[in-house]
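The values are calculated or read from the model by the stated rules, or taken from the named source; none is laboratory data. Values in this document were obtained by computation on a predicted structure and should not be read as measured data. Positions of Cβ are generated from backbone atoms using ideal geometry, with glycine treated the same way; all protein chains shown enter the neighbour counts.
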Amino acid sequence: MNISVKIGQSVFPNPVTVASGTFGHAEEFYGQEEVLKLGALVPKTVTLYPQQGNPPKRICETPAGMINAIGIENPGIDAFIDLKLPKLKATGVPLIISISAHSEDDFAVMIEKLNDAGGLSAIELNLSCPNLQKKVLVAQSAEATSSVVQRAKQVAKYPLIAKLSPNVTDIAAIALAAEEAGADAISMVNTFMAMAIDIKKRRSRIGNFTGGLSGPAIRPIAVRMVCETAAKVKIPVIGMGGITSADDALEFLIAGATMVAVGTYNFVDPRTPLAVLEGIKAYMKANKMTDIRELIGSIQR
Amino acid sequence: MKKIQGKYKVVELVRVNDIYYRLVLDAPALAKAVKPGQFVHIRVSDHFEPLFRRPFSVYRALAGKVEIFFEPVGKGSKMLASCKKGDVLDVLGPLGKPFASPSRSVKQIVFVGGGIGVAPFMIFSDTLLKHKAEKVLLYGGRSKAHTFSLAEFKKNGVKTFISTDDGAVGVKGRVSELFSKIDLAPTTFIYACGPKPMMAAVAAFACDKGLSGEASMEEVMACGLGACLGCSIPTTKGYRTVCHDGPVFDLKELVFA
């Protein structure tokens, strides 16, 4: 059974990965098995300089989901490369490093540093974090997305993945812009802008006032968006949004995703990616499939 | 999960009084591994409501059994209260940084507990039976029912002083006011666990008197592992996660708004 997939020239042994920000840096508390069997590891988004993140409360549980406004707390790219990357490389699991920046120049500087650090399989451009006090996200404009991806493509020696925001009218149009600009894959979806209110205090339940909604609650919307996008772009789509089981992941694959990422549910059960992988294999076996490509985009219309 | 995820059978779930429930899990590996101040992260539902696990401080870990106390106030704890003997729960633990063991030079250990915040001090006093320091518990609750397990603390050689909001037991007032009841020394070490205003009062008191101590903090948590960075609180070293960097922090590091 062949379940390996490709993004650009990079090969991943299986299609199951994790959404950035939901698996830390694969720290020692995760078991060997959970880490080593992943198709790719995606650590938490890194920025050029260290960021302390948003004030509490940073998270809030909602029906079948959560709202978060962590604010990309991270040690900055230099400390990441010095302190975190060696341990991540030592796992031997293909690495997709997620980066975010306030300008195209900053993206380029970070990519050059990652080029020099070496040992990666891809770089994910987080164009869609909604928590940085900006009015418009890069991923909310086809023009801005195209411009950032083009600039990044000039410098990157690794395949580039554009991570898109679902907070747009037509996500497929943004994905097409990223593809035309040279992106090697699309990763979708990031969180949906959301809010929850403490009615006793009449205050937002999130310190940053608003945050991003994730978890099973958003899954059907994410599946629809992946299905629409995968039908329009030629590059692979990494699908995510509320995956809790192999069945959930299969929806994304059938909708057209080449890889799937477990996000919020890692917080509930860190063994989820493993269960997803085993379940996909079992499904393929039961349906007499020998190659994952028979499954990807097999939605009947 | 490396050693820390397990499925454990509920051997007892009883309503202790009007407020609290006591849950006992048959969990030999967990009971052996847990240190005072650490917590267990329990999945209370197989469904998406509530989505997250719920963290509970370990109250006792004896003879292969792990005990927790809780007040069913929210969705998750109410669901836990409806468990039955024989149910199997998915538990992550032990998690978090435990209390520092008091050194031999510590001559007096003062536990300050507010309501359910007293829980980690029971397992702590279990491990301190041989420590020669005088052990004192300053214990505050809203009402009589909020002050449980006093006899068990006394059995562990802990002197107890009580305050309640209504004065039904002990002194009427706040737990921090009980400090005046005891003779503090430079070799006193404070351990605090309770609601934030209490912790702020204890931290201010310790700072004022030049005393050292630790506090076990609480915050809404998702992963419990230090991965999501959702439960971060401000400290003098920047934001730190309650689940992984804590829940125990040096009193001097805490920042109260």
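In the range B:133-141 there is no residue that is in a loop (DSSP other than H, G, I, E, B) and exposed (fewer than 15 other Cβ atoms within 10 Å of the Cβ). Screening residue A:34 against (1) acidic (Asp, Glu); (2) out of contact with any Lys or Arg (no Cβ under 7 Å at 6 or more places or on another chain); (3) within 11 Å of chain B (Cβ to nearest Cβ) leaves a single unmet condition, (2). Taking the numbered list (1) farther than 23 Å from residue B:146 by Cβ; (2) part of a loop (DSSP other than H, G, I, E, B); (3) within 14 Å of another protein chain (Cβ to nearest Cβ) in turn, residue B:85 passes all entries but (3). State whether the residues of the range A:29-45 include one that is free of Cβ contacts under 8 Å to residues at least 40 places away in the same chain, of a type in the set (D, E, K, R) and outside any strand (DSSP E or B). No, that holds for no residue.
Looking across the range A:1-28, the residues that are more than 14 Å from chain B (Cβ to nearest Cβ), of a type in the set (Val, Ile, Thr) and in a strand (DSSP E or B) come down to A:5, A:7, A:11, A:16, A:17. Scanning the range B:180-226 for residues that are in contact with a helix residue (DSSP H, G or I) (Cβ under 6 Å, 6 or more places away or on another chain) and farther than 21 Å from residue B:257 by Cα yields B:190, B:222, B:223. Checked against (1) at negative phi; (2) buried (at least 24 other Cβ atoms within 10 Å of the Cβ), residue B:162 passes all but a single condition, namely (2). With respect to the stated conditions, residue B:106 is crowded, with 17+ Cβ neighbours inside 10 Å, modelled with pLDDT under 95 and in a loop (DSSP other than H, G, I, E, B). Reported count of residues in the range B:224-243, each being part of a loop (DSSP other than H, G, I, E, B) and either more than 29 Å from residue B:91 (Cβ to Cβ) or under 15 Å from the mean Cα position of the chain (by Cα) (or both), is 4.
Among residues of the range B:181-202 being assigned to a helix (DSSP H, G or I) and either of a type in the set (Gly, Ala, Ser) or under 21 Å from the mean Cα position of the chain (by Cα) (or both), the one that is surrounded by the fewest Cβ atoms within 10 Å (Cβ to Cβ) is B:197.
For every residue, the table says whether it meets (1) within 21 Å of residue B:57 (Cα to Cα); (2) surrounded by 17 or more Cβ atoms within 10 Å (Cβ to Cβ).
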| site | (1), (2) |
| --- | --- |
| B:123 | yes, yes |
| B:154 | yes, no |
| B:157 | no, no |
| B:169 | no, yes |
| B:173 | no, no |
| B:179 | no, yes |
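The residues on offer are A:69, A:79, A:64, and the sole one that is buried (at least 17 other Cβ atoms within 10 Å of the Cβ) and more than 8 Å from chain B (Cβ to nearest Cβ) is A:69.
If a residue counts only when it is away from every other protein chain (no Cβ under 14 Å) and surrounded by 22 or more Cβ atoms within 10 Å (Cβ to Cβ), which strands (runs of 3 or more DSSP E) contained entirely in the range A:205-301 have at least 3 such residues? Even if it seems obvious, please write down each step before you answer.
Working: elements: A:211-214, A:237-240, A:259-262.
Hits in the range A:205-301: A:237-240, A:259-262.
A single member of A:85, A:137 is closer than 21 Å to residue A:168 by Cα, surrounded by fewer than 24 Cβ atoms within 10 Å (Cβ to Cβ) and not basic (Lys, Arg), and it is A:137.
Does at least one position in the range B:78-91 carry a residue that is under 24 Å from residue B:170 (Cα atoms), touching a Ser or Thr at 6+ places or on another chain (Cβ under 7 Å) and in contact (Cβ under 8 Å) with a residue 12 or more places away in the chain? Within the range B:78-91, none of the residues are under 24 Å from residue B:170 (Cα atoms), touching a Ser or Thr at 6+ places or on another chain (Cβ under 7 Å) and in contact (Cβ under 8 Å) with a residue 12 or more places away in the chain. Of the strands (runs of 3 or more DSSP E) that lie entirely inside the range B:1-62, those containing 2 or more residues that are among the aliphatic types (A, V, I, L, M), touching an Asp or Glu at 6+ places or on another chain (Cβ under 6 Å) and away from every other protein chain (no Cβ under 14 Å) span B:5-15.
Among the residues of the range B:203-223, just one is in contact with a strand residue (DSSP E or B) (Cβ under 9 Å, 6 or more places away or on another chain), part of a loop (DSSP other than H, G, I, E, B) and away from chain A (no Cβ under 14 Å), namely B:211. Of the strands (runs of 3 or more DSSP E) lying entirely inside the range A:47-113, those carrying at least 3 residues that are under 27 Å from residue B:53 (Cβ atoms) and at pLDDT 95 or above are A:59-62, A:65-68. Residue-level analysis places residue B:162 among those that are hydrophobic (A, V, I, L, M, F, W, C), in the same structural domain as residue B:202 (by TED's automatic domain parsing) and modelled with pLDDT of 90 or more. Screening the range A:37-60 for residues that are at the interface with chain B (Cβ under 7 Å from one of its Cβ atoms) and surrounded by fewer than 22 Cβ atoms within 10 Å (Cβ to Cβ) and picking the one that is nearest to the chain's Cα centre (by Cα) gives A:53.
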